[in-house]
Structures are given as C-alpha cells and as structure tokens.
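Student: Dumping the structure here so I can ask a few things about it.
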Amino acid sequence: MRFGGHETFPIRTGWLSKGLLLLSNGRNVQFDDPSVADVLGVGRNMSKSIRHWLHVTGLVTRDGRNAPIILTELGRLILSRDPYLQHIATWWALHINLATQTTAAAAWRWFFNDFARERFDRLTCIDEFTRALERKVNRLPSRKTIARDIACLLQSYSTPLPAEPLDPEDATDCPLRMLKLIVQHRDTGYFDRRFIVRPIPPELLGYAFAQMQGEDHSGHFEIPFTDALVLQFAPGRVLALDAEGLASLLNDAERVCGRDKIQTFLLGGERMIAVVWKSPTSWLADYYERVGA
C-alpha cells in the first residue's frame, strides 16, 4: 500500500496527454530528468507528478524499478481515440481505475469504497482515513502524509459552491471535477458527496463491472442489484450511485449496449444483473466506436 507520489499536485489539464504523447515514440522516458520536465513544460516535481498519475490511472506500466515505462492497452487506446482526453467517458474510466487501485492511491480506494459519510469536513476525513489505516497496515504513514493525500483527493474532485469565477487561461483545475462527485461549500468548508442519478455514458457501467470482477471471468457473470450498490469496487460505490441512479444507468445500458451485453432480471424475487464479461478497455472502446471518436 503506497502513499503520496503526487507531489501534492492533482492532475492538471493537459498533463496526461503530454505524458502519453511523450511515451508514444517508445523511448525510455525518465520523468525525474530535468530535460524531460523541460519538454513537458513543467517543473521537475510536476514532471514526477505526471508520472505518478499516469501509473495510478492505469495508462502506463513498468516491469521493474529500472525498466522503461510503457503504455498499457488502455493508454494505447486513449492515445489513438482520445489523445487530448476530451471525452468525459475517458475521465470516468480513469476515475474507476483510481477508485479500484489495490496497491497505490490508497486514499482514493478508501474514500470511494469505505468512507460512509456524505457530509464531512477535511479533518473528519483525515481522522477516519487514519483509523482505517491503523486497522490495515503495520507501519502507519505520518499524519502529514495522510493529510496531503486527503487534501489532494479533495482538491481533485471538489466543485466549489458558490462557483468561483472562471479564468479561460487557468489550466490548474483538475478535470476530475467534471464528474461532480464532491461539492465543497466555500462558506462553511464542508464537503458533500452525493449519491444520485448521474449522466454517465452507459458503456462505463460495463467498464466498472469488469474492473470490479477482474480477469477471472469468461462468458458472463451475475450479481444481485443490492450488491452492485454496496460491495467494494461495485459501481454503486465507485460511481457514487444510489438505487435510482444505478437503475437509471442500467436502463440506459440495456438500451445503448444491448441486452446481450448487460441486462436485469428477477431470480427468486431478487433483482439481478447479468453482464457479459469483456475487458474494461473493450467497454471503453465500445463507447469511442459509438460516438465516432
């Protein structure tokens, strides 16, 4: 379980695109090299942050500490179909990857799967994450490290209310804010997580189910509707959906993706969901195909 790595910077507009394009020629890129930071047009710490975000969103991988960083299947797909990350479906996919990380981005996994509060302040979030870690890790990171991870997470997703004046030249906002998963009330400092009906591209529901199930399945799998709301890594958790929101997205998925790929049915009086198994990347490719990207 790893902490930090982001150098206190949330993802900024254009960062992941720059990283993907730099890696696309296949050369061994060292993100902590000052010359690479110059090519990216950022400082050295920001360059290392870009490397971190490329890894934890699942866009790149490496076989060992000294091995070259290479694009994953997802990284190659996005580079070819949405190289400037303009589609909100791309950001939903990256968010799902963050929220289902098993080795890195520990704060993201905890927040979107285990943190129960819908209204909270920053200190409460830090305290509850600390208590959760005390139950799971032998060596607790410092309070400062925990606070920095929570601060980065909240800054990544929080949309301020009232809204701040927009500056078209400002590229420091994190694109994950587009997902509207967290609201920050500027007058009180409190945050709200809202489990609601969300305008999510239906293919991303399939992506979330595939990410939840992992690589162990062939054919199709079935899951109770209630489990799809509450289990760790389930769509209800990582997409912040209530029962109405999940039902609405399922209806969209049946209509857009087809009932041969995803459908609901009754089994012994219990509402079930059946999903054809294919890789998360294949679900995202279906979205790009549908919209002509």
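Student: Does Thr61 fit the bill of being free of Cβ contacts under 8 Å to residues at least 60 places away in the same chain, more than 17 Å from Gln30 (Cα to Cα) and either buried (at least 19 other Cβ atoms within 10 Å of the Cβ) or touching a helix residue (DSSP H, G or I) at 6+ places or on another chain (Cβ under 8 Å) (or both)?
Tutor: no
Student: Yes or no: Ala93 within 30 Å of Glu128 (Cβ to Cβ), touching a Cys at 6+ places or on another chain (Cβ under 9 Å) and either without any contact (Cβ under 8 Å) to a residue 12 or more places away in the chain or crowded, with 18+ Cβ neighbours inside 10 Å (or both)?
Tutor: Criteria not met by Ala93.
Student: Pick from Thr145, Thr130, Thr172: which is free of Cβ contacts under 8 Å to residues at least 24 places away in the same chain, out of contact with any Leu (no Cβ under 7 Å at 6 or more places or on another chain) and either within 29 Å of Val275 (Cα to Cα) or not assigned by TED's automatic domain parsing to the domain that holds Ala240 (or both)?
Tutor: Thr130
Student: Quick one: count up the residues across the range 1-27 that are surrounded by fewer than 18 Cβ atoms within 10 Å (Cβ to Cβ), closer than 18 Å to Asn66 by Cα and in the same structural domain as Thr172 (by TED's automatic domain parsing).
Tutor: The number of residues fulfilling the criteria is 2.
Student: Tally time: how many residues in the range 8-30 are of a type outside the set (Lys, Arg) and at pLDDT below 90?
Tutor: Of the residues in that region, 5 qualify.
Student: Condition first: touching a residue at least 40 places away in the same chain (Cβ under 8 Å), in a strand (DSSP E or B) and under 20 Å from the mean Cα position of the chain (by Cα). Can you find one or more residues in the range 33-53 that meet it?
Tutor: No.
Student: Given the residues Gln101, Gln30, which is the only one that is crowded, with 17+ Cβ neighbours inside 10 Å, in the same structural domain as Cys125 (by TED's automatic domain parsing) and part of a loop (DSSP other than H, G, I, E, B)?
Tutor: Sole residue among the options that is crowded, with 17+ Cβ neighbours inside 10 Å, in the same structural domain as Cys125 (by TED's automatic domain parsing) and part of a loop (DSSP other than H, G, I, E, B): Gln101.
Student: Of all the residues that make up the range 175-214, how many are in contact (Cβ under 8 Å) with a residue 24 or more places away in the chain and closer than 30 Å to Phe265 by Cβ?
Tutor: Summing the residues that are in contact (Cβ under 8 Å) with a residue 24 or more places away in the chain and closer than 30 Å to Phe265 by Cβ in the range 175-214 gives 21.
Student: Mind listing whichever residues of the range 277-293 are surrounded by 17 or more Cβ atoms within 10 Å (Cβ to Cβ) and at pLDDT 95 or above?
Tutor: Passing the criteria: Pro280, Thr281, Trp283, Leu284, Ala285, Asp286, Tyr287, Tyr288.
Student: I would also like to ask the following. I need a count of the residues in the range 152-169 that are surrounded by fewer than 17 Cβ atoms within 10 Å (Cβ to Cβ), in contact (Cβ under 8 Å) with a residue 24 or more places away in the chain and not in a strand (DSSP E or B).
Tutor: Residues in the range 152-169 being surrounded by fewer than 17 Cβ atoms within 10 Å (Cβ to Cβ), in contact (Cβ under 8 Å) with a residue 24 or more places away in the chain and not in a strand (DSSP E or B): 1 in total.
Student: Just the residues that are surrounded by 16 or more Cβ atoms within 10 Å (Cβ to Cβ) and touching a Gly at 6+ places or on another chain (Cβ under 7 Å), please, taken from the range 224-261.
Tutor: Hits for the range 224-261 are Ala228, Leu229, Leu246, Ala253, Cys257, Lys261.
The values are calculated or read from the model by the stated rules, or taken from the named source; none is laboratory data. Note that this is a predicted model, so its numbers are computed, not measured. Ideal geometry is used to build each Cβ from the backbone, glycine not excepted, and the neighbour counts take in all protein chains shown.
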